[in-house]
Amino acid sequence: MLIYLLKRLLTTVPVMLLVGLFVFSLLFVVPGDPAAMIAGDQASIADIARIRASLGLDRPFPVQFWNWLWRLAHGDLGQSIFSDQPVTMLIGQRVGPTLSLMGMTMLVSVGLAVPMGVIAAWKAGSLIDRFLMALAVLGFSLPVFVVGYMLAYVFALNLDWLPVQGYVPMDDGLWPWLSRLILPSASLGCVYVALIARITRATMLEVLTQDYVRTARAKGLGSASILMIHALKNASVPIVTVIGLGIALLIGGTVVTESVFAIPGLGRLTIDAILHRDYPVIQGVVLLCSGTYVLINLLIDLCYNLLDPRIRY
Amino acid sequence: MDRRQFLKMSAVAAGGTAAFSIPRLARADSTRILRFVPYADIAIVDPVWTTAYTTRTHALLVFDTLFGLDDNLTAQPQMVEGFTVENDGKLWTLTLRSGLLFHDGSKVLARDCVASIKRWGVRDAFGQALMAATDEITAKDDRTIVFRLKKPFPMLPDALARPSAMVAAMMPERLAMTDPFKQITEVVGSGPFRYLTEERVAGARHVYARHEGYAPRGSGAASFTAGPKVTYFDRVEFQVIPDAATAVAALQTGSVDWVEAPMIDLLPTLRKSKDITVEIKDHNGMVAQLAMNHTQAPFNNPAIRRIILKAVNQVDCMTAVAGSEKDLWSANFGFYSATSPMRSGEGLAAIAGPKNTDALKKELAAAGYKGERVVMLAAQDVPRISAVCEVVAEMFRNLGINLDFVASDWGTVIQRRTNRRSVDEGGWSCFVTYWSGLDMATPATNSALRANGEKASPGWPSSPALESLRERWLDAKTLEEQKKVAGEIQLQAVQDVPFVPAGQYFQPTAYRRNLTGMLNGFALFTNLKKA
């Protein structure tokens, strides 16, 4: 197992290098010039060239790429062109809010979706099943920002139960932290609830037709114990896969939610960096996201082993 | 790995995330804290490195200026106690007020100001004009700044006062010695508020604390950036809220005190609230303009530019930007903002006349338009720009112009507009941008009116006549003389068409009713109180 883990971790190195090269090259190809953005409307072309030179952006591609790689090898992602702050610090500031949002979203999604899927499968074809699946379709169909605005309108503006925007760290108190995450998590979670519920239902339906379930029923076991102990555990591999992929997809999904609820997370950092052409920040965030994606996939693979003892590495 | 090991590792990983957190906000009495939503983030904190207007707002909190500008746009001494003018206007001696302190506790000295002026003078258009007229600036002693000029420059206080895109911000000499094309590494000024770098979350939050050592002017009335700058807040927190609806909702629920630029579509909702005031404080507004590439066909032909000047309908452009509420915009004015003391009726018929498409089409053909492709760079991520782009594009199509409407983001527009080659080689023909009405108010600060070829802003208009008239305006000794020359400049501009004015709109601001004493102009934080 340990050897497998080490091998998998080692394979991430060339993947990350390729990602780095791709992201670095992409930024040279796409239009945009941070020096021109900084210089503004008053600036002449000569002024822009001087700013570009002062930022080191006039150097040839291989030189810039090598410098970036060398710094990266030393754990330095560089400085933001605009704020002049270290990219590691900017990312560090933003990781907390994004992780909180993602964690809360997945908690809510899994907590709602798995029971929904199990019940729908158990009552397949009934009104309850149809109602739950209709909810799932609605969750898929409504864009995150629409749900966000609706929730904010009802629970923040009209009922004044929850704050409409912002983020405070958990150190400032559990309720202040939690209260600012409820609406964003609910709006972001809709899609994931729908996705996980549908997968859970489909997998459970398949498992419930297996011989061992019939045997369990014949033995006189109750529905709850058949569903939760026997069927769900055996249906969990695809569900965990979808949850894992959902976490990876959340990285992108947070962008809109963070903007709507003014949460200073990684999504907003990425958008701002792209709009400003703040290359070091874009490179840093993309590398982080790629690394996270690779690690999540690894964790999913490790989970398979825990859920199904037949899978060995 | 067994289940227990896995759970243990997961717990360690989850605990590790606690190490990442945004800097915490300090707590204080809520009536002494102002929560403000700027229209965009302050991406850059150096007031001389960029022309972004959010940086100007930040600059006027942190840095002080030698002169301030009152509501009538007249320069008044600010850091300066007084000044003398000798030698036929060629020797200016400025004396600093005593007791001025930087945020690091050091005294503001004349040599700090000299270095600051020199750095600003390299980048700012008005500053460049002042530097061109200056032989030498020296610090005679700790409180005396001496300007020895090559020729009289009567607008010297105005240049140092004008809160244009680049503010003549005074900073310690060690920072002011920074290359003007590089950003300063610390934010230390002598203004009424200190910048708390440690609480900054770039793109999301900026915090300012009251500068205990700030000594406001002892006399005069607070007016725009002039007069006593009295602070009533211990902290000013800028919260960047990118979503317009969320910013408005935050104001409605009272989680913020002031939204600088609420979306115009949402104003009716805000006006219904008894807790919120909506009003126009910045009467200089923002001026839209169509910039054209003077070095490439077809806009290298002045006759064609004159037809476009006639064809652009400022009313339509501003209706697209700010709707039918006519208090929110102004149209049919010339090359200065509609609210400028320099505004002139000279040549206005060419701009405000009837828009007869058939007649204009014929004029276009007669002027020599041969169907050349017109590449319009249309930024879609800035609503006020995209609205004007749509109106102008429709006008181009109606005139039979071969339009290539390139929809992109502002970042792409800014990069592509520096390309001086033909449209087939990635060049461009026109784009829409905005300047503040304050910047457009005089020939000194109206960069779009510059026609010095390669040194001019993208579009690179070249007109020795316009440049010479600008010099005359800078030399003018009285307001009447300035107005006369400003009229002549407008007449010349109607011929050369350095840009096409597309209207001016006035962005209302919205704030909680318990805020009192808000000054006119863009967002200013002195004199302001919270009940």
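The values are calculated or read from the model by the stated rules, or taken from the named source; none is laboratory data. Bear in mind the structure is a predicted one, so any value in this text is a computation, not a measurement. Quick reminder, even Gly has a Cβ in these numbers, built from the backbone with ideal geometry, and neighbours come from all protein chains shown. Quick note on the areas: whole protein, heavy atoms, side chains included, nothing else; ligands and nucleic acids left out. Shrake-Rupley method; radii C 1.70, N 1.55, O 1.52, S 1.80 Å.
Odds and ends about this structure:
- Residue among A:Asp84, A:Asp33 that alone is out of contact with any helix residue (DSSP H, G or I) (no Cβ under 9 Å at 6 or more places or on another chain) and within 30 Å of B:Asp124 (Cα to Cα): A:Asp84
- Which numbered condition B:Cys430 fails, given (1) surrounded by fewer than 23 Cβ atoms within 10 Å (Cβ to Cβ); (2) at pLDDT 95 or above; (3) hydrophobic (A, V, I, L, M, F, W, C): (1)
- Whenever a residue of the stretch B:240-261 is more than 7 Å from chain A (Cβ to nearest Cβ) and modelled with pLDDT of 95 or more, its partners that are crowded, with 23+ Cβ neighbours inside 10 Å and part of a helix (DSSP H, G or I), lying with C-beta atoms within less than 6 angstrom and at least six residues away or across chains, give the pairs B:Val256/B:Ala250; B:Val259/B:Ala247; B:Val259/B:Leu251.
- On inspection, A:Phe65 passes the criterion of being of a type in the set (Phe, Trp, Tyr), open to solvent by less than 40 Å² (accessible area, probe 1.4 Å) and touching a residue at least 24 places away in the same chain (Cβ under 8 Å).
- The criterion of at least 1 residues that are charged (D, E, K, R) is met, among strands (runs of 3 or more DSSP E) falling completely within the stretch B:360-442, by B:373-379, B:402-408.
- Filter pass, A:Tyr153 being at pLDDT 90 or above, loosely packed, with under 15 Cβ neighbours inside 10 Å and within 29 Å of the chain's Cα centre (by Cα): yes
- Number of residues in the stretch A:130-150 that are within 11 Å of chain B (Cβ to nearest Cβ) and open to solvent by less than 70 Å² (accessible area, probe 1.4 Å): the value is 1.
- Looking only at the stretch A:27-84, and only at residues there that are within 11 Å of chain B (Cβ to nearest Cβ) and charged (D, E, K, R), the one that is farthest from B:Trp435 (Cα to Cα): A:Asp84
- The residues in the stretch B:84-105 that are open to solvent by 20 Å² or more (accessible area, probe 1.4 Å) and closer than 15 Å to B:Pro154 by Cβ can be counted, and the count is 7.
- Residue within the stretch A:220-237 that is within 12 Å of another protein chain (Cβ to nearest Cβ) and at pLDDT 85 or above present: no
- B:Gln128 satisfies every condition listed in (1) within 14 Å of another protein chain (Cβ to nearest Cβ); (2) open to solvent by less than 10 Å² (accessible area, probe 1.4 Å) except (2).
- Against the criterion of being assigned to a helix (DSSP H, G or I), open to solvent by less than 20 Å² (accessible area, probe 1.4 Å) and under 22 Å from B:Gly213 (Cα atoms), B:Thr57 qualifies.
- Any chance A:Thr254 is out of contact with any strand residue (DSSP E or B) (no Cβ under 7 Å at 6 or more places or on another chain), of a type in the set (S, T, N, Q) and either assigned by TED's automatic domain parsing to the domain that holds A:Ile38 or closer than 20 Å to B:Asp41 by Cα (or both): yes
- Filter result for the condition that a residue is of a type in the set (Gly, Ala, Ser) and either buried (at least 23 other Cβ atoms within 10 Å of the Cβ) or within 14 Å of chain A (Cβ to nearest Cβ) (or both), over B:Ala176, B:Ala209, B:Ala139, B:Ala202: B:Ala202
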